[in-house]
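The values are calculated or read from the model by the stated rules, or taken from the named source; none is laboratory data. Note that the coordinates shown come from a computational prediction; the quantities given were computed from them, not determined experimentally. Backbone-built Cβ (ideal geometry, glycine too); neighbour counts: all protein chains shown. Side chains are part of the model used for accessible areas, which takes the heavy atoms of the whole protein and leaves out ligands, DNA and RNA. Shrake-Rupley method; radii C 1.70, N 1.55, O 1.52, S 1.80 Å.
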Amino acid sequence: MIALYILLGLLGLGLLLLLIALLRTLLSPAKQSRWKPAAEPEREARYAETLSRMVRCETVSRKGEDQREKFLGFHRLLEELFPLVHEKLEKTEIDGNLLFYWKGKSHDRPLVLMSHQDVVPAEGEWKHEPFSGDIAEGKVWGRGSADTKCSVMGFFQAVEELLEQGFEPEQDVYLSSSCTEEFGGDGCPKLVEELSRRGVKPFLVCDEGGAIVQEPIGGVKGCYAMIGVLEKGRGALRLTARSGGGHASYPPKNSPIARLGKFIARVEKRDPMRADFEPEVTAMFRTLAPYGPFYLRLLFGNLWLFKPLLKKLLPKISPQAGALLKTTVAFTMQSGSDAPNVLPQQASLTLDLRYIPHQRLEESNRVIRELAARYDLETEVLMANDACEPVRIDSPAYALVEKVIGEVFPGLPTCPYVMTGGTDARFYQKICDACIRFSPVIYGPEQMKGMHGINENIDVCSLPGAVDYYKSLIRENR
C-alpha cells in the first residue's frame, strides 16, 4: 500500500511539473526572425566581381606537397585587388601563410580577423565549373566561394575601404590567413608562433565556423547569427584484429573481420559515449526555443524538466543534434585480406572521434580502448586534438560581436553555437581566450550542401554585410 501511495505521489508530481511547463510555454511570447539582407545592387556587383577573381585563382591544398609558389600567385592577386592594404599594412609571409599588421593607437586589445586561403579539391559534375567564379542567379559559383574566400574578401575589402577614408584604428588589427587549413596543416600554427614571438595576446580572434544560418534547427524558421563559441576536438584511432590467417574454405569463429564487425555492431546498438548538455548547448536551445513551433518551445524552453528525455531522444532523432551532446564515433576506413579466398592475418578499422568537453580526449579514448579489448582488438591513436575551451558568453569579446551584429544586421537574432567540425581558430587558443567562430555571410541549405561538395556558391546579397561587419568590428574595438 505504501508503494502505491509513493507511485501515485510521483505521478501527481510529474503531472504538476508538466502542467507548470505547459503554462510557462503558453505564457511566453513566441518570436519570429524576419530579418532579410537589404538589396545593394552596386556593392553586390562590385564585391561579387572581386570574389569571383579570387575563386578563379585555384588554391587547392594537399598534404605533403610544397605549394608555396601557388599561394604566392594568389598573394599577387590580393595585392592587385587591395593595393592600400599592401601599401599601408606590414606584411609577413611564412611558407604561403599571410599575416598583416595594422598599427592602432593603442595595443591592449589586439583584434585578429582570419580565414583560410586554401580550398578542398573539386570533383564531380558541377553546374558551373568549380574554378570559373561565375556570377549567375544572384550567386558567385566555385570552390572557395563559401569556404571561405568570401570572408577573406570581406575583411580585406573592409580594411581597404577604411584606409581610403583615412581611418586609423583605436586598437591593433591583424589579418591572418593560412594555406593549410583544409588538411589541418601547420600554416596557422606558424602564424600563431610569430604573434607569440612578438608578445601579441589578442583580445578577440574572429574566424569561420558559425554564420548567418537559415533554419539552424528543423522547425526554427528564418535567419539567425550563429556565433561559434565551442569547437569539438578530433581524434583518429585504428583498431587492429590479428589471427593466424588461413583458407576461406574452413573459416574459424571470431576471425579478425568478425571481431571488428561485432565491435561496430556494439557501438551502433549501444553508443558507449555519454550524452549531456554543455552550458553552450543549453544556451543555444534556450535562445532558439521562442522561435520554434509549440512543441519546440515546450521542450527547449523547459530544459529543467525535459533534459533527461532529450539526452536519450535527440541522438536517435537527428545525427546533427546528437553530435551536440556527446563525443561521436564514426567508422571511416577498413582493411583486411588482399584476396577473396584468404582469411586475413590482421584486419583494421579506423575511427574518427569528435571529442566533447564533458568527455574529453583521454576519457573518450579510454572508453574505446576498453570496449575494443573485449573483442581482442588492439587500439592505436593516430592523431588527437582535444576539445577547445569554450568562449564565455558573458565575456566582453562576445558582447562586442553581438553589438556589431546588432548594428550591421538590425533585427537579426544572435545565438551561441557549438561547432562539430574543426577550424584554424583552435591554434589561436594558445594566445587568446576569445576565439569566436563567425563568418558574417548567409548560409542556407544550398550553401551548407555545397561546402566540400559540388556546386559550392554564395549569395551576392551576403557580401555587403560581410564587409560592413568587419569594418564595424574594427571601429568598435576600442
Of every Cα-Cα pair in the range 292-342, the percent that sits beyond 14 Å: 67
Accessible carbon and sulfur surface of the chain relative to its total accessible area, %, 1.4 Å: 54
Inter-site label distance for LEU23 and LYS88 at 7 Å from Cα along Cβ, in nm: 6.1
In Å², nearest 10: area of GLU182 left accessible to a 1.4 Å probe: 40
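State which entries of LYS201/LYS311; LYS326/LYS471; LYS70/LYS471; LYS63/LYS88; LYS88/LYS471 exceed 26 angstrom in Cα-Cα distance in the structure shown.
Over 26 Å Cα-Cα: LYS201/LYS311; LYS326/LYS471; LYS70/LYS471; LYS63/LYS88.
When only C-alpha pairs under 8 Å and at least 6 residues apart count, what is the relative contact order of the chain, in percent? Intermediate values should be presented prior to the final figure.
Values: 936 pairs, mean separation 122.7, N = 478.
Taking the mean separation of contacting Cα pairs over the length of the chain, I get 26 percent.
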Backbone HN-Hα couplings from phi across the range 386-400 [Karplus 6.51/-1.76/1.60, Hz, Gly and Pro as x]: 6, 4, 6, 5, x, 7, 5, 5, 9, 7, x, 5, 5, 4, 5
Additional length obtainable on full extension of the chain from PHE331 to MET448, 0.36 nm per residue less Cα span: 39.9 nm
The range 221-269 and the range 289-317: distance between their alpha carbon centers, rounded to Å: 30
Amide H contacts under 5 Å for ILE217, placed H, 5+ residues apart: none
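Whole number please: convex hull volume per residue, Cα atoms of the range 378-466, in Å³. All intermediate terms of the calculation are to be shown ahead of the outcome.
Working: hull volume 13.4 nm³, N = 89.
It comes to 151 Å³ per residue, whole-number rounded.
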Vicinal HN-Hα couplings computed from phi for the range 266-272 (Karplus, 6.51 cos²θ - 1.76 cosθ + 1.60; Hz; Gly/Pro x): 5, 5, 5, 7, 9, 4, x
Of PRO445, GLY218, THR414, farthest towards positive along the dipole that unit charges on Lys, Arg, Asp, Glu beta carbons give the chain: GLY218
Sorted peptide list for 170-179, 210-219, 17-26, criterion being average Cβ within 10 angstrom, highest first: 170-179, 210-219, 17-26
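Using 0.36 nm times the number of residues separating ALA339 and ALA30, minus their current alpha carbon distance, what extension gain do you get?
Answer, rounded to one decimal: 105.0 nm.
If you average the sequence gap of Cα pairs under 8 Å that are 6 or more apart and divide by the length of the range 393-478, what percent do you get for the contact order? Mind dumping the intermediate values first?
On the way: 49 pairs, mean separation 30.9, N = 86.
Result for the range 393-478 is 36 percent.
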Built amide H within the under 5 Å cut-off of GLY144, gap 5+: none
Cβ crowding within 10 Å averaged over residues, with 333-340, 297-304 ranked highest first: 297-304, 333-340
Computed label-point distance, nm, for sites THR420 and PHE294 using a 7 Å Cα→Cβ extension: 3.0
Extended-chain gain in nm, criterion 0.36 nm per residue less alpha-carbon gap, LYS63 and ARG270: 71.0 nm
Histogram of C-alpha separations across the range 207-254, 5 Å bin width, %: 5, 12, 13, 11, 8, 7, 6, 6, 6, 8, 12, 7, 1
Histogram of C-alpha separations across the range 54-204, 10 Å bin width, %: 11, 39, 34, 14, 2, 0
Distance between the range 149-212 and the range 411-442 - C-alpha centres, whole angstrom: 13
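Arrange the residues GLU161, GLU446, GLU87 by how much accessible surface each exposes, largest first, with a 1.4 angstrom probe. Intermediate values should be presented prior to the final figure.
On the way: GLU161 20, GLU446 85, GLU87 125 Å².
The ordering from most to least exposed comes out as GLU87, GLU446, GLU161.
With the other protein chains left in place, how much accessible area per residue, in square angstrom, belongs to the range 164-254 at a 1.4 angstrom probe?
Per-residue accessible area for the range 164-254 comes out at 39 Å².
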Positive-end residue, the chain charge dipole about Cα centroid, Cβ charges, pick of PRO110, LEU299, VAL381: LEU299
